[in-house]
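The values are calculated or read from the model by the stated rules, or taken from the named source; none is laboratory data. Source: prediction; values computed, not measured. Cβ placement follows ideal geometry from the backbone for every residue including glycine, while neighbour counts extend to all protein chains displayed.
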């Protein structure tokens, strides 16, 4: 699910956040245009006959590329185009001292992720510190910065647009002194994990439930699979075998008229925009003979105990009767 | 001077010998009666999923079972009066077993309500009443100890049944587990087999002339008729002769004129509103305070362990020479102690505070449970105990069923648990003080009533230790 390496061209458009977000993009664009204009001016000085087309072409190219950057930079005044769903904002901050920190972030939707790392300065109190951002262990190009010491801390921050499933991964800020903070992005995990199998009987039915934590009006898409770790097969509702009932945060798979072949692992998957999580449920199918064996064993034991107790009682009462008769005989004799 | 409750028995209670086997039998019966409904809650989640019902519908199963158990009290006491303890317990065991086996084939939730709830509940009622009654026939001087030991069955069985049910559930699912539980519960029949009617013990001995009593405690009469015995005890014949005329006294409503019984009943009705609720809400309150699930469950384990050891100890204390004559005060103290425990609980903080509370509450709960039926026996006497118990259980049905939901509503409205505990504290402390005051007057009145009686009769029935030694000398 996660691509290897940083190949996405969109990555280059991730810019650092400044309070005047939009204008920063424009400024950088203007700065880039200025730089390339200077370069082309330099070229003009070398190639004496000034061909304006030579100047025009790179400027045009730059303008079009700048245009592309403009649409992708943060500009609060710009309304996003209708086709892209509005992204929620999520901010996470971490304060580092001397140990690495791992922060788990649960994502339910596409977000604009603001990550901030603050490293507390040690005794050396160097004036500058370099740091970079990495994704899944690989350094993000052009993310290496030199930060200055400010209020005993070195601060680095970055915005990540988590706009699709491929972008979910582990983002880290790494400081020069090898102290890092890992932000592990993941879809929500299932809380109630059942490690014991569900047991049901042949010709009976069974309901396998899956429940996800979340807010009440959240509506999830659910998928069910049967199989094992390596090979999973999607289950579709067949009227005489499977019945899937999904409602917001819960989903139930009902298996009707069980056979031994139905035993095994079932997986329910909660599908989010940023990915899906799976929960395995093991089903065991047995015949009614299985519990009948201990039932009969205990039944026989109980019947034996009761018979033994009654027999002992009869023996004791017989003994008492004979003793009583002897006593009566003695008493009569005495009288 | 100990007050004499009418314990006019046709025989002298053995106070030992086979009586201890009967205590074991009562231990089993009482254990199943109290612990079985509580331990079934482990299956509720899966049954809820299977039948696609809501949580409250499945919780109804517990309520129906408990209601049947309490409603079956009077029926049970009538049967015990007529046939003795043994047949009723065996019938009860068979009923619960059949109920569980039938329900394992159940196809709707109504099926479960009827089988496990109604039939199972009645079957458990047929276990509880006779078990308590037979102790009264076998024990006199050591009765508080015997009662305490028998009541220990409840926490012990709960500690055994809870993990056992979990194991069965993991191995066999709910259907198979219900089937196997049906066979496990048949052990009640074993307990019933042990409950030998007491007349058989003294069958060969003619005892001193019988004083009059208003109801035959014919444990042995009907059972003897079916059992083959060659004894020629003249009293037995007399009992059998009296049998039909006693049938009209099967339900003894004259108990409502009995002073001690009325005190017991009024106090208990108020007390039971707040008796079980603190147990039910202990774990939820702990979780509400931020304690994790396992530590919250551990609180209940501590509570059950303390309860388990306190019950026989309370029985033993109740038997001592100093306390036995004034055992009603001991009970009043136990009830008031519970009340004070609950009232002080909101002051506790943190997990250690909860643990301390669990220990103290365990002590209080165990004390009250051990003495609950002993004091009733002490007040009304063994002959009328069965009918008294039947009436008490059916009247207590209301508070026991309504208490936890009402107090739960209190938690829901205020959002805080401390009001629940304060209310429970008041609901226990008030009856406790009521008992203290009323029994003070009752003891006084009983003393006055005994003085002219003592002058008339040479032999006084009662629970004095001196009388026991007299009887032993006369053997």
Any residue at all in region B:20-39 that is at pLDDT 90 or above, over 23 Å from the mean Cα position of the chain (by Cα) and buried (at least 17 other Cβ atoms within 10 Å of the Cβ)?
no
Identify the residue in region A:279-291 that is surrounded by 13 or more Cβ atoms within 10 Å (Cβ to Cβ) and out of contact with any helix residue (DSSP H, G or I) (no Cβ under 7 Å at 6 or more places or on another chain) and, among all such residues, is nearest to residue A:206 (Cα to Cα).
A:284
Of the residues that make up region A:182-191, is at least one within 14 Å of residue A:101 (Cβ to Cβ) and buried (at least 17 other Cβ atoms within 10 Å of the Cβ)?
yes
Out of curiosity, is residue A:257 surrounded by 17 or more Cβ atoms within 10 Å (Cβ to Cβ), modelled with pLDDT under 90 and either under 44 Å from the mean Cα position of the chain (by Cα) or closer than 30 Å to residue B:51 by Cα (or both)?
no
Output for region A:123-145, where each listed residue is in contact (Cβ under 8 Å) with a residue 24 or more places away in the chain and out of contact with any strand residue (DSSP E or B) (no Cβ under 7 Å at 6 or more places or on another chain):
A:125, A:137, A:138, A:141, A:142
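Rundown of residues vs (1) surrounded by 15 or more Cβ atoms within 10 Å (Cβ to Cβ); (2) farther than 30 Å from residue B:105 by Cα; (3) in the same structural domain as residue A:256 (by TED's automatic domain parsing), yes/no style:
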site	(1), (2), (3)
A:296	no, no, no
A:301	no, no, no
A:311	no, yes, no
A:320	yes, yes, no
A:327	no, yes, no
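What about residue A:233, is it surrounded by fewer than 17 Cβ atoms within 10 Å (Cβ to Cβ) and closer than 30 Å to residue A:153 by Cα?
No.
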Filtering strands (runs of 3 or more DSSP E) wholly in region A:170-214 for at least 3 residues that are within 14 Å of another protein chain (Cβ to nearest Cβ) and in contact (Cβ under 8 Å) with a residue 12 or more places away in the chain gives A:198-201, A:206-211
Say we look at region B:183-206 and pick out the residues that are part of a helix (DSSP H, G or I) and facing chain A (nearest Cβ under 7 Å); which of these is modelled with the lowest pLDDT?
B:200
Residues being free of Cβ contacts under 8 Å to residues at least 24 places away in the same chain and either in contact with a strand residue (DSSP E or B) (Cβ under 6 Å, 6 or more places away or on another chain) or over 21 Å from residue B:101 (Cβ atoms) (or both) - total across region A:270-302
1
Show me the helices (runs of 4 or more DSSP H) entirely contained within region B:73-174 in which 2 or more residues are within 14 Å of chain A (Cβ to nearest Cβ) and buried (at least 24 other Cβ atoms within 10 Å of the Cβ).
B:85-103
Of the numbered conditions (1) surrounded by fewer than 17 Cβ atoms within 10 Å (Cβ to Cβ); (2) farther than 13 Å from residue B:113 by Cα; (3) out of contact with any helix residue (DSSP H, G or I) (no Cβ under 7 Å at 6 or more places or on another chain), residue B:55 satisfies every one except a single condition; which is it?
(3)
Quick check on residue A:305: is it modelled with pLDDT of 90 or more, touching a strand residue (DSSP E or B) at 6+ places or on another chain (Cβ under 6 Å) and buried (at least 16 other Cβ atoms within 10 Å of the Cβ)?
no
Wholly enclosed strands (runs of 3 or more DSSP E) of region A:235-335 bearing at least 3 residues within 14 Å of chain B (Cβ to nearest Cβ)
A:242-247, A:250-255, A:275-286
Can you tell me which residue among A:102, A:47 is modelled with pLDDT of 85 or more and surrounded by fewer than 15 Cβ atoms within 10 Å (Cβ to Cβ)?
A:102
Selected residue (only one of A:247, A:315, A:238 is closer than 30 Å to residue A:112 by Cα and surrounded by fewer than 13 Cβ atoms within 10 Å (Cβ to Cβ)):
A:247
Just give me the residues in region A:105-138 being buried (at least 16 other Cβ atoms within 10 Å of the Cβ) and in a loop (DSSP other than H, G, I, E, B), in sequence order.
A:107, A:108, A:110, A:121
When residue A:141 is run through (1) at pLDDT 85 or above; (2) out of contact with any helix residue (DSSP H, G or I) (no Cβ under 9 Å at 6 or more places or on another chain); (3) assigned to a loop (DSSP other than H, G, I, E, B), the failure sits at (2)
